[in-house]
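Chemist: Structure provided below as structure tokens; questions to follow.
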Amino acid sequence: MSLVIGLMSGTSADGVDAALVRIEGEGESLCLEELAFVSCPYSDQVRSRLLVLAQGEEGGSRELCLMDALLGHLFVEAALEVCKTAGLKPSDISLIGTHGHTFHHIPQSTDYLGRAVRSTLQLGQSSFLSETFGCPVVSDFRPRDLAAGGQGAPLVPYTEYLLFRRTDASIALLNIGGIGNITILPAACSPDEVLAFDTGVGNMVIDELVARYSNNALRYDEGGAWAQRGVVDAAFLSWMEQVDSYLPLGLPKSTGRELYGKAYIQRLLEQADSRRLSSSDVLATATRFIARSVKIGLKRFYNADLDYLVVGGGGSHNLAILNALEQELGTAVHTWQDFGRDSDSKEAVAFALLAWQRLVRKPNTLPSATGANHSVVMGKLEL
Ligand SMILES: Nc1ncnc2c1ncn2[C@@H]1O[C@H](COP(=O)(O)OP(=O)(O)OP(=O)(O)O)[C@@H](O)[C@H]1O
Ligand SMILES: CC(=O)N[C@H]1[C@@H]2OC[C@@H](O2)[C@@H](O)[C@@H]1O[C@H](C)C(=O)O
């Protein structure tokens with residue numbers, strides 16, 4: 001039995017999530033119990049530099065170097081906080097898995113100085129965790145899958161396969177964070193039968209719209225109330241669908257802020273202005289587009305019935321997203337809260353589990369999700 005902390009900073013750049021779990025066994029016989037979860041928000045200042053750096057146009061190697069260390073310290077604070085919440089001491093912890101923060105993700109082959117390269121960059125110096133906790137720390141998971149021909153994402157489906165597969169029901173687990181991603185676990189599925197991919201944009205566009213419309217007073221549309229005051233504009237929605245370059249891609253596929261950043265928002269706002277739409281109508285339509293992207297992905301890649309669709313991630317607190325999903329998919333959607341579970345902890349828990357598999361030297365990927373040529377043991381281990 002081991003006490004493991006998992007740390008995650010997602011594409012929304014809203015803060016560091018930390019989960020403390022108890023793990024026993026490994027692979028398909030692994031048992032995991034969630035003991036505590038905390039979310040430590042970034043200050044406005046940190047968040048705004050994270051977003052600038054992730055955009056890739058400003059900030060050079062000096063700032064990335066500083067940000068790497070700053071995030072490392074913030075990850076230590078989040079890990080200490082989750083220990084305190086669980087009533088444990090740092091010396092009780094056996095292992096930490098830390099995802100870091102994604103600064104850039106280029107899973108498609110890209111010509112660079114005459115060579116075709118693919119790359120993904122997560123930062124947040126893990127050595128500060130080693131120094132503070134004195135236990136093994138696993139970080140930098142994604143590049144190993146990328147090296148084996150995979151996208152380096154999504155990685156959570158492997159953990160969902162272990163934790164949530166059922167023999168009697170087919171389940172879709174939809175996560176609406178900054179990006180949307182879905183894992184489908186058909187009844188009694190084998191690892192090869194799991195279907196998973198990023199569905200496209202999640203909250204990151206509506207967050208940015210809310211920040212602009214509120215002159216940076218708000219970070220997101222609380223409960224989806226602003227979008228619910230508006231009306232979906234059918235023509236604007238179909239324009240969003242047409243200009244989205246991610247939706248037509250085949251599997252395996254993953255995306256990030258690279259596609260839905262500043263240039264995308266600029267184009268969206270120009271289009272909304274030319275249609276004279278109110279802020280509520282733009283938000284209603286952009287919110288509906290999150291659900292439309294899920295529908296397009298499901299229709300194209302999965303044509304069988306689903307017994308449950310469970311929504312998690314920050315988007316599950318947005319009623320406008322949940323309503324849009326029900327309308328687009330024509331089916332009831334559940335949230336993790338409906339099953340008595342935390343909606344926000346899944347990704348942090350996943351990195352605890354992935355780290356555990358790394359420590360015991362067992363594969364921790366699902367090639368059916370990432371497109372890798374074979375499964376690998378991801379993560380760099382600091383003892
Ligand atoms: N009460 C709420 N009402 C509406 N939206 C919310 C609420 N709480 C969180 N959110 C949304 O969820 C987002 C954060 O979600 P989450 O933490 O799951 O994303 P992430 O992990 O950063 O992203 P990803 O999963 O893409 O890496 C916020 O930016 C916001 O848009
Ligand atoms: C490169 C990267 O950081 N991708 C994230 C992002 O956020 C959601 C989605 O896009 C998913 O593909 C992935 O994160 C989760 C944790 C994953 O790997 O499953």
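The values are calculated or read from the model by the stated rules, or taken from the named source; none is laboratory data. As the structure is a computational prediction, the values presented were derived from the model and not from experiment. Positions of Cβ are generated from backbone atoms using ideal geometry, with glycine treated the same way; all protein chains shown enter the neighbour counts. Note: areas computed on protein heavy atoms with side chains; ligands, DNA, RNA excluded. Shrake-Rupley method; radii C 1.70, N 1.55, O 1.52, S 1.80 Å.
Chemist: Name the single residue that is farthest from VAL16 (Cα to Cα) among those in segment 328-383 being of a type in the set (Gly, Ala, Ser) and under 16 Å from the mean Cα position of the chain (by Cα).
Modeler: ALA369
Chemist: Which of the residues that make up segment 16-38 are among the small types (Gly, Ala, Ser), touching a residue at least 60 places away in the same chain (Cβ under 8 Å) and crowded, with 16+ Cβ neighbours inside 10 Å?
Modeler: Result: ALA18, ALA19.
Chemist: Sticking with this one: Select from segment 323-334 the residues that are closer than 20 Å to PHE197 by Cα, open to solvent by 10 Å² or more (accessible area, probe 1.4 Å) and in contact with a Lys or Arg (Cβ under 9 Å, 6 or more places away or on another chain) and list them in ascending order.
Modeler: Passing the criteria: GLU328, LEU329.
Chemist: Of all residues in segment 180-236, which are under 22 Å from the mean Cα position of the chain (by Cα), of a type in the set (S, T, N, Q) and more than 15 Å from ligand 2 (Cβ to nearest atom)?
Modeler: Answer for segment 180-236, where residues must be under 22 Å from the mean Cα position of the chain (by Cα), of a type in the set (S, T, N, Q) and more than 15 Å from ligand 2 (Cβ to nearest atom): there is none.
Chemist: What are the pairs with Cβ atoms under 8 angstrom where one residue, in segment 240-269, is within 16 Å of ligand 2 (Cβ to nearest atom) and basic (Lys, Arg) and the other, located anywhere, is assigned to a loop (DSSP other than H, G, I, E, B) and open to solvent by 10 Å² or more (accessible area, probe 1.4 Å)? Sequence gap at least six, or different chains.
Modeler: From residues that are within 16 Å of ligand 2 (Cβ to nearest atom) and basic (Lys, Arg), the pairs are LYS253/GLN151; ARG257/THR11.
Chemist: Only one of ALA235, ALA227, ALA187 is part of a helix (DSSP H, G or I), more than 16 Å from ligand 1 (Cβ to nearest atom) and of a type in the set (A, V, I, L, M, F, W, C); which?
Modeler: Criteria check complete, one pass: ALA235.
Chemist: Identify the residue in segment 61-109 that is farther than 24 Å from SER345 by Cα and more than 23 Å from the chain's Cα centre (by Cα) and, among all such residues, is most open to solvent (accessible area, probe 1.4 Å).
Modeler: ARG62
Chemist: Something else: Just wondering, is there one or more residues in segment 314-322 that are open to solvent by 50 Å² or more (accessible area, probe 1.4 Å) and closer than 23 Å to GLN337 by Cβ?
Modeler: yes
Chemist: Right, something else. Where in segment 92-172 are there strands (runs of 3 or more DSSP E), lying wholly inside it, with at least 2 residues that are within 30 Å of HIS334 (Cα to Cα)?
Modeler: Those strands (runs of 3 or more DSSP E) span 95-112.
Chemist: Ok, one more. Among the residues of segment 260-277, which ones are under 30 Å from SER119 (Cβ atoms), buried (at least 20 other Cβ atoms within 10 Å of the Cβ) and of a type in the set (A, V, I, L, M)?
Modeler: LEU268
Chemist: Cβ contacts < 6 Å: first residue assigned to a helix (DSSP H, G or I), restricted to segment 288-308; second residue open to solvent by 20 Å² or more (accessible area, probe 1.4 Å), any location; separation 6+ or different chain. Result?
Modeler: Pairs found: ARG288/VAL232; LYS295/LEU329.
Chemist: Return yes when LEU247 is surrounded by 16 or more Cβ atoms within 10 Å (Cβ to Cβ) and not assigned by the TED database to the domain that holds ASN203 and no when it is not.
Modeler: Answer is no for this residue.
Chemist: Okay, next question. If ILE171 passes every condition in (1) within 16 Å of ligand 1 (Cβ to nearest atom); (2) open to solvent by less than 30 Å² (accessible area, probe 1.4 Å); (3) touching a strand residue (DSSP E or B) at 6+ places or on another chain (Cβ under 7 Å) but one, which one does it miss?
Modeler: With respect to (1) within 16 Å of ligand 1 (Cβ to nearest atom); (2) open to solvent by less than 30 Å² (accessible area, probe 1.4 Å); (3) touching a strand residue (DSSP E or B) at 6+ places or on another chain (Cβ under 7 Å), ILE171 is out only on (1).
Rundown of residues vs (1) touching a strand residue (DSSP E or B) at 6+ places or on another chain (Cβ under 9 Å); (2) within 16 Å of ligand 1 (Cβ to nearest atom), yes/no style:
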{"residue": "GLY180", "(1), (2)": "yes, yes"}
{"residue": "ALA211", "(1), (2)": "no, yes"}
{"residue": "SER254", "(1), (2)": "yes, yes"}
{"residue": "LEU259", "(1), (2)": "yes, yes"}
{"residue": "LYS262", "(1), (2)": "no, no"}
{"residue": "ALA272", "(1), (2)": "no, no"}
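Chemist: Ok, one more. Restricting to segment 342-362, name every residue that is open to solvent by 40 Å² or more (accessible area, probe 1.4 Å) and either free of Cβ contacts under 8 Å to residues at least 60 places away in the same chain or in a helix (DSSP H, G or I) (or both).
Modeler: GLU347, ARG358, LEU359, ARG361
Chemist: While we're looking at this one, here's another question. Does ARG257 qualify as being basic (Lys, Arg), open to solvent by 10 Å² or more (accessible area, probe 1.4 Å) and in a loop (DSSP other than H, G, I, E, B)?
Modeler: Yes, satisfied.
Chemist: Would you confirm whether or not segment 45-56 contains a residue that is more than 26 Å from VAL201 (Cα to Cα) and more than 16 Å from ligand 1 (Cβ to nearest atom)?
Modeler: No: zero hits.
Chemist: Can you tell me which of PHE301, PHE289 is open to solvent by 40 Å² or more (accessible area, probe 1.4 Å), among the aromatic types (Phe, Trp, Tyr) and within 30 Å of GLY150 (Cα to Cα)?
Modeler: Among PHE301, PHE289, only PHE301 is open to solvent by 40 Å² or more (accessible area, probe 1.4 Å), among the aromatic types (Phe, Trp, Tyr) and within 30 Å of GLY150 (Cα to Cα).
Chemist: Would you check which residues across segment 205-220 are in contact (Cβ under 8 Å) with a residue 40 or more places away in the chain, under 16 Å from GLN55 (Cβ atoms) and of a type in the set (A, V, I, L, M, F, W, C) and list them?
Modeler: If the condition is that a residue be in contact (Cβ under 8 Å) with a residue 40 or more places away in the chain, under 16 Å from GLN55 (Cβ atoms) and of a type in the set (A, V, I, L, M, F, W, C), then VAL205 is the only one that fits.
Chemist: Restricting to segment 127-161, what's the tally of residues that are of a type in the set (Gly, Ala, Ser), over 18 Å from TRP356 (Cα atoms) and surrounded by fewer than 19 Cβ atoms within 10 Å (Cβ to Cβ)?
Modeler: Residues flagged as of a type in the set (Gly, Ala, Ser), over 18 Å from TRP356 (Cα atoms) and surrounded by fewer than 19 Cβ atoms within 10 Å (Cβ to Cβ) within segment 127-161 amount to 3.
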